[in-house]
Each structure stands twice: as C-alpha cells, then as structure tokens.
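The structure under discussion appears below in the form of structure tokens.
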Amino acid sequence: MKTTISVIKADIGSLAGHHVVHPDTMAAANKVLAEAKKNGVIIDYYITNVGDDMELIMTHNRGELDTKVHETAWDAFKEATKVAKDLGLYAAGQDLLSDTFSGNLKGMGPGIAEMEIEERPAEPIAIFMADKTEPGAFNYPQYKMFADPFNTAGLVIDPTMHEGYKFEILDVYAGESVTLNAPEEIYDILALIGTPSQYVIRRVYRKADNMIASVTSIERLNLLAGKYVGKDDPVMIVRVQHGFPALGEVLEAFSFPYLVPGWMRGSHYGPLMPVSQRDARATRFDGPPRLIGLGFNVKNGRLVGPSDLFDDPAFDETRRLAEQIADYMRRHGPFMPHRLEPTEMEYTTLPLIQQKLKARFKKEAGVAEAKKSIYEKQVEGGD
Ligand code: 13P
Ligand code: 13P
Ligand code: MG
Ligand code: MG
Ligand code: MG
C-alpha cells in the first residue's frame, strides 16, 4: 500500500510579535491530530514549529489533496487559532484566509507539501521548514542537491543517480509549469530558477524511473489573497539515500547561508540560517530567516524519529557566517539591495509617497521619458 506524507503549515498567531508559536496552540492542534490518528484518518503525525509557523507532519494512505486529511489540518489550525485569540497572541489566524473549508486546502492560506510514495524497505526522509522567507528559497538547495556534483558526490559516483533528475518548475505568476532535465538542461534550469520569486521548483523526480525525490509548498499568500498578506514561509520534503542524495549531501546544500527574500516585514534580503529546533525563533530584525530540518524514517506510515538535523556544531560556521552577512546587510538600512525591489515588498508606502509628491515633481527638459518603468523593462540580449 502506498504511503502519503503531508506537511501542512500555517501561521495562526504567535507570541510577542512574529516570533514563535505558543505551546498552548500546538497543544490544541495536537488534540485534533491525536483524534484523527485514533479514528484512522491519519497513521502518524508530528507537530513542530519554526518561528511563528506551525508545522503539521502527517502520514496516511489517502493520497495527496485528500479531503479528510486537509480537513483535519484545517480543524487543527482553527482550534489553535481559537487558543491564539483567547491568549491575545499576535496576528491570530494570520494565514487562514477563508472561513469555510471546501474540499481541500488549496488557495485557503496554509502551505502544503505532499508526496505519495511506495515505501522502500528503509524510507529515510528529511523535512525542511523555514520562517521569514518564501517557497523560491528552496530553489538554490534543490539545485545543489540534485544537479551539482560539487555538492552531491553521488551524481558522479553512484550508478543509481548518474542519469540525473527532472525538475518541475512552476511559474507562480503565469500559473504554468515546465519539466526540465538535469544535467542536460542545467543552463535553462538556472535561467529560470535564478528568479525564485517567479519560478519555483515544485517537484524533483529521479530520471531513471520517475520516482519522486522532493516536493515543496508553492502557495504564495500574496497572489492568493490578491494582495500581499504575508510571505509564505515554505516547507519541503526530501527523500534520501538509495538512489537519492545521501542525508549528508542534502544537508550540505545548506552549509552556505545564501540570501533569501523575507526577513523584516517580508521586505528584506537576508541569509538563510540553519538552526536547531531550540533556536527556531525569529529575533534579530524578525530573523534572520531560519531553517530547521528534521530527519525521519517512514515504516508502514509510522514516523520513526525525528532527529534535529541542524542541532550540530558542523553548522556553527554556517551560522557565524550568516550573522556576519546579517550585520553587513543591516548596515544598508532602507537601501536596496537589503530592502527588496518594490514589486516584491510585503509592505510598501511607495505608491502613497509617489502620489503625495506627484504635484511637486517638475518636468525636466532634455531628459527623455522612458516608455516603460524600470520594473517593466525587458533586457533583450547580452554581449
Ligand atoms: P557508513 O559506512 O557509515 O555506513 O557510510 C556510508 C555512506 O555512504 C555515507 O555517505
Ligand atoms: P511572518 O510571515 O513570519 O508572519 O512574518 C511577517 C513579518 O512581517 C515579519 O517581520
Ligand atoms: Mg507571523
Ligand atoms: Mg512566519
Ligand atoms: Mg509567513
């Protein structure tokens, strides 16, 4: 029988700002999931948090986008929101955009990553969860894991990985996806995924047999709600070992604290800092953007584990470098490229300020008016 792993997350309110999930809200969600486990809707579950995002990790036999499983997650978030409201937590119900559940959670606010698999005799997986960033933040590490032999030795020396992987890439603005092959098309892949705010790697498959290797949550709250209501702090499930990257190859992809959009008010670039569960709290400038990783084995749907993957001195230097980058970026204050480009900011007063100052702008003779604004400008070629 096939097993489905569903990781569903939402920010339903947090303690002392966009800082950390309150344990009482996790307890409320736990009650709902325990009941669902007792009733056989799910086989097993684990609840955790990164910063202000509550993460429900569930296993079952019902396939992806299952109504009962999604309703269970929705009920858990609703019950947790009640507690958040009761305690007066900050931004209670933040990511729940609709009042009524109908069918599944798509478009309702929570982030969803699900994969249905035929369990291997040993099925090791790693689940990554980030706060203060967006789904495209997982483009860089997925490329490193599945396409870069300088990161993943297995691409060169493991015959079961040597054929490479397929990347399913979603254009979140056009609502279209394309599947490209690595290593043959890596330049095309990079041309797209280097713009992570638009092109997001949704799934990766092993080319030899089409086996699913990773899946990322792709909901973008700003586009869903028609306005920016919060960056969608993402989750990702990765299968490891036996024809997939080794756990250590997957973790190696996070050894460099690369820059991601998010951080303060969802409007700044900052380094993604891998941390232990204990340190999964947003603090400095509401960050820096944080990542946790949990390792499990799945056996007949049972979640064995977890191991807290970044609770390790091997990542101390990554964290130290992240702090140095945080210092460097912060020194820019409100200047780009610390602050995001206007089209990507979660909050912006810019249109209001432009409006207010409109009458005070004077036409300048001899300065040609651009046909398009700098944000619409298309570069047609290079040299
Ligand atoms: P062990 O010898 O510790 O089992 O490690 C094997 C391996 O391939 C590590 O990546
Ligand atoms: P969250 O998306 O984690 O709620 O953060 C929002 C924010 O504005 C942080 O400064
Ligand atoms: Mg929040
Ligand atoms: Mg968050
Ligand atoms: Mg968020």
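The values are calculated or read from the model by the stated rules, or taken from the named source; none is laboratory data. Quantities reported herein were computed from a predicted structural model and do not represent experimental measurements. When we count neighbours, we look across all protein chains shown, and the Cβ atoms used for this are built from the backbone with ideal geometry, even at glycine. Quick note on the areas: whole protein, heavy atoms, side chains included, nothing else; ligands and nucleic acids left out. Shrake-Rupley method; radii C 1.70, N 1.55, O 1.52, S 1.80 Å.
For A365 and A314, what does the FRET efficiency come to when R0 = 56 Å and r is the distance between their Cβ atoms, rounded to the nearest 0.05?
It comes to 0.35.
How would you classify segment 288-359 from its alpha-carbon gyration tensor, with a ≥ b ≥ c the square roots of the eigenvalues: rounded for a/c under 1.5, else prolate if a/b is greater than b/c, otherwise oblate? Don't skip to the end; give the middle numbers.
On the way: a/c = 7.00, a/b = 2.07, b/c = 3.38.
Oblate shape, in that a/c is at least 1.5 and b/c is the bigger or equal ratio.
With an 8 Å cut-off on Cα pairs and a minimum separation of 6 or more residues, tell me the relative contact order of segment 119-360 in percent.
For segment 119-360, the relative contact order is 23 percent.
Give or take rounding to whole Å, what are the principal axis extents of the alpha carbon atoms in segment 1-156, in descending order?
Principal-axis extents of segment 1-156 (Cα, largest first): 55, 36, 25 Å.
Hey, what number do you get for the chain at 222 nm if only DSSP H runs of n ≥ 4 count, each worth -39500 (n - 2.57), divided across all residues, to the nearest 500?
Numbers: 9 runs with 90 residues, N = 383.
Taken over the chain, the calculation gives -7000 deg cm²/dmol.
Considering the alpha-carbon set of the chain alone, what are its Rg and its Dmax in angstrom?
Cα-based Rg and Dmax for the chain come out at 21.3, 75 Å.
Which value in Å does the Kirkwood hydrodynamic radius of segment 147-218 take, with 1/r averaged over all unlike C-alpha pairs and then inverted?
Working: mean 1/r = 0.0795 Å⁻¹.
Evaluated on segment 147-218, it is 12.6 Å.
Viscosity 1.567 mPa s, temperature 4 °C: what is the translational diffusion coefficient of segment 227-336 from Stokes-Einstein with a Kirkwood Rh over Cα pairs, rounded to a whole number of µm²/s?
84
Averaged per residue, what accessible surface does segment 1-118 expose to a 1.4 Å probe, in Å²?
39
Rg/Rh for segment 25-83 to two decimals, with Rh computed the Kirkwood way over all alpha-carbon pairs. Intermediate results must be reported in sequence, preceding the final value.
Details: Rg = 10.8 Å, Rh = 11.4 Å.
Rounded to two decimals, Rg over Rh is 0.94.
Can you give the direction-averaged projected area of the convex hull of the alpha-carbon atoms in segment 110-158, in nm²?
Averaging across all directions leaves 5.0 nm² for the Cα convex hull.
At a 1.4 Å probe radius, carbon and sulfur cover how many percent of the accessible area of segment 119-360?
56
Ignoring ligands, DNA and RNA, please state the percent of accessible area on segment 1-118 from carbon and sulfur, probe 1.4 Å.
47
Averaged per residue, what accessible area in Å² does segment 119-360 show with a 1.4 Å probe, protein chains only?
For segment 119-360, the per-residue accessible area is 44 Å².
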